[in-house]
Structure formats: structure tokens, C-alpha cells
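A short reminder: the numbers here are calculations on the coordinates, not readings from a lab. The model shown is predicted, which means the values in this text are computed figures rather than measured ones. Neighbour counts run over all protein chains shown; Cβ positions are idealised from the backbone, glycine included.
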Amino acid sequence: MSNPVENREVAVRLSGIKKMYKLGQIGGGTLQKDLQSWWARVRGKEDPNSIIGSEERLSGETFLALRGIDLTVYKGEALGIIGGNGAGKSTLLKLLCRVTAPTEGEIDIYGRISSMLEVGTGFHAEMTGRENVYMNGAILGMTKAEIDAKMEQIIEFSEVREFIDTPVKRYSSGMYVKLAFAVAAHLDSEILIMDEVLAVGDMAFQQKCLNRMRDAATKEGRTVLYVSHNMNTIRQLCDRCVVLDKGRIIFEGDVEEGIEHYMGTKMISESCVELTTMKRERDFALHPITMNKIWTNEGQRVIMPVGETLRLSLSFTGDRPFDDVYLRIIIKSADGTPITMCTTESGFSVDTCEKVMEMELDTTRLAPGKYTLSPVIYQVGELGNHVNLDVLRDVFSFEVTAKPGFNNNMVWLSRFWGHHYTAPLRFKLL
């Protein structure tokens, strides 16, 4: 039997793509450091003044932004591309848009590309909005008659009708984005490429753009490649997800699994987590109370069905006595979205002897999925103000699974239904 994926039409194919940049020479700050760096290069040794953590991507005077990308995108598919800063996302999009050429490898593109890589890309500041629409259409190979037929739709969608005949140099960044997206989404192109520029627009327009891109893929059969750090927009728009890290694809597949991979919560915590050596934020480098360890009670597993109580213990020590101290636990989903918060009802005292607090977390209203805990110890002053004494982010993770019969045995889809499960709907048929 033939594979249905193999029968789909290819929109973009990348094979062995590498992109190398030459770095400018920057002085070490002193003659001694410059001589050290020069002598290391002469001997083929590592530069003693190089930045730690640059790894193999940085070699001498070159930087390898992409290190062998193989990727196939099909027509009518909405592909999300995620990864940390410097992962190579923008470089990949620039290669697809022919802004720059690959150092190695081949790129096959089947169709015209309309792109929006940064605010104002492809616009001439001295030209009006209307003139820029005509210029962008001409670049895509459209005739004036074809652009005229689309002009009213573009103006209506852009929400800048009263400024359409004003030079775009007078536009705000939000107006730039609105018109640029309207042009990219409505002109006749088979492939739509979007970097995370929609963040400049207001929330209503962002949702409008997401809906337009979704329609472009599902109803018009266009291909959408979308880069974003907003995991909720990736969920709303994309059918498939690619995770980039240090110039390589480290995951390709389901959107939810890709987000988990990116957020680093693929692995569930051990039943006991040491906290003393965990890195605190700069503001809490001198934490007068130190959380030492968090663990599950009675050997409880960190994977449990909906409704089971998660029983935890937290140990902490103060460098001096404290009164009116509280504990706050922030619960987040795997993509970092805050779900809820719980805190101790009354204050307690802390001194230089290690104390252990036992606590219970009810999972009845948590939908199936992976979650993290962020504990915060804080003190409430006489005037009601509070001061954080120790803060840790996402140090303990656990998973809630569905029980037989949960949600009428339907798989819980957090991208549509969220992470909070309310009580069953009460109803009466009349």
C-alpha cells in the first residue's frame, strides 16, 4: 500500500543545508590578549580569550549558523519552527526567501513565496502604502490588473485605509505590520513565510492574522512556515512542528511533542530533587532562606491519574530567624503557561535549623498533561507588602494522566481546551 505522505505534493525541500558566516575581528581589549589569540591561531589551538559555550559552531573567523538541515514541507501544510535565540530559525527563513544563499546544500521551492521576516521588509519608506502594495505584487510577478483585484481586500484587512496614500515612513510599527501582513497574505503566492513580527500588532489583529494564515493553509491549499516564541500561536496554527537547536533539527513531528521538547519538560522529574545547587536568578543570589530539597512522600510516583493527590515535602533553612513566612507554589503547563497558584493559609517561622513542610496538591481539576512547580518562599511585612526570600522556577515536574471514562474517553486536546478541567456539565432534558 502506498504511503499517503509520499503522495502529497512537495512545496519546499531542503537537503544538507549549511550556512556559514565570516566573523569580523574584534580586539581583545589589550595588546597581550590580542597576541595570545594570534599565537593560538598560528598553532591551531583554541583561542584562550574565546567565549565559553561557543562550541563547535564557532571556528576561528567563521560561524556555522546551520549545520546540515534536511526538511520537506508539503503543500497545504502549516509548519511551525521553534527554538531558542541563535538556533538558526531566521537564517533558515532568509535562505528560503533568497535573501542569502546557502554555503552548502540544495533548496527546491515549488511556487511563489510571500514573506514577512521583519517589520518593513520589502517596503520603500518614501512610497505610500498603496504604492508599496503594487511594488510587492510586481516582485511576485503579478500584473497591475491582478493587484487591482486584490487591493480592496488588502486595504480592508490592513485596517489602515485612512493612511493608505501616506508614505510608510510615517507609519507606526503596528501599522507597518498590519499592511505588510495584509500584502503577504492576500497576494497570489503559494508559500507564506512569517517570522515572529506579529508580536508588534495588537492582540485582536494577531488573532485575525492567525485565522487568515490558517484559512490560507486549510481552505486555499497554501503552505505556511511560521516562526514564533509564542507556543499558543504555534498550537493554534500549525499541523507539524520543527525544533531547531544550534543550527540543527533536533525534533520533527507532532506540535505538542515539539513544544515539550523545546521547553525541556520531556522528561519527568525524579521523585526527589536537590535544590541547593540550582541556579537562582540574579535578584535572589543572596537568598536568606534556602530551599534544600523537594520530594514525593511515601515513594509516590510523579505520574498519576486525574484526581489523585500529589503529596510532597519541601525542606528549607534560614541564615537567621524569620517570622510571617509563606510558601507559594505556581503550577505551569509544559509550555510555560501559568495554570494556577496555591499558597499557605497562614505564616510560619523559619530559623537556622532545617525544617520540612509536607503538603498536598489536588489534581482533580488539572487536565491530562505535564506540569511544573515553581516554589517561592516570601515574607509579609507589617504593612502587607511582601518580599521574596527564595525563588526557583520549574524545578519539579509531574504528569497527570487520564482515567478510563475521563472526558468520555476522548483524548484531551490542550491546544483547544486548555489545561483546567471543570466539573461535569449539569443538564436536564425537557
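Counting 0.36 nm for each residue step from D108 to K428 and taking away their Cα separation leaves a gain of 109.3 nm. Label-to-label distance, N85 versus Q153, with points set 7 angstrom from Cα along the beta-carbon direction: 3.8 nm. So which lysines can K208 reach, going by Cα to Cα under 23 Å and dropping same-chain residues fewer than 8 places off? Qualifying lysines at Cα under 23 Å: K75, K150, K178, K219.
Label-to-label distance for M359 and N409 is 3.8 nm, based on points extended 7 Å past Cα in the beta-carbon direction. A Förster radius of 45 Å combined with the Cβ-Cβ distance from A125 to E298 puts the calculated FRET efficiency at roughly 0.10.
Segment 107-173 and segment 199-258 have Cα centres spaced 22 Å apart.
Listing Y262, Y378 from fewest to most neighbouring C-beta atoms within 10 Å gives Y378, Y262. Sparsely packed loop sites in segment 328-420 (the GluC sites (Glu not before Pro) outside DSSP H, G, I, E and B with at most 16 other Cβ atoms within 10 Å) comprise E345, E354, E382. Summing charges over all other residues whose Cβ lies under 11 Å from the Cβ of T103, with Lys and Arg as +1 and Asp and Glu as -1, gives +3.
By other beta-carbon atoms within 10 Å, ranking V133, V356 with the fewest at the front produces V356, V133. Once the C-beta distance of K144 and D215 is scaled by a Förster radius of 25 Å, the resulting FRET efficiency is 0.45 to the nearest 0.05. Stretching the chain fully between R98 and T317 yields a gain of 73.1 nm (0.36 nm per residue, less the alpha carbon separation). Residue by residue, segment 230-235 carries 3J(HN,Hα) couplings of 8, 5, 5, 5, 4, 4 Hz when phi is fed to the Karplus relation 6.51 cos²θ - 1.76 cosθ + 1.60 (θ = phi - 60°); x denotes Gly or Pro.
For the chain, a crude dipole built from +1 on the beta carbon of Lys and Arg and -1 on the beta carbon of Asp and Glu, taken about the Cα centre, is about 700 debye to the nearest 20. A Cβ-based charge dipole, computed about the Cα centre of segment 96-222 with Lys and Arg at +1 and Asp and Glu at -1, lands at about 220 debye.
You can think of it this way: the chain between R393 and D254 has 47.4 nm of extra reach, that is 0.36 nm per residue less the Cα-Cα gap. Go through (1) 24.5; (2) 19.3; (3) 33.1 and flag the label whose value is the computed mean projected area of the Cα convex hull in nm² for this structure. Working out mean projected area of the Cα convex hull in nm² from the coordinates points to (3).
Over the chain, DSSP H runs of length four or greater, each weighted -39,500 (n - 2.57), average out per residue to a 222 nm ellipticity of -6500 deg cm²/dmol.
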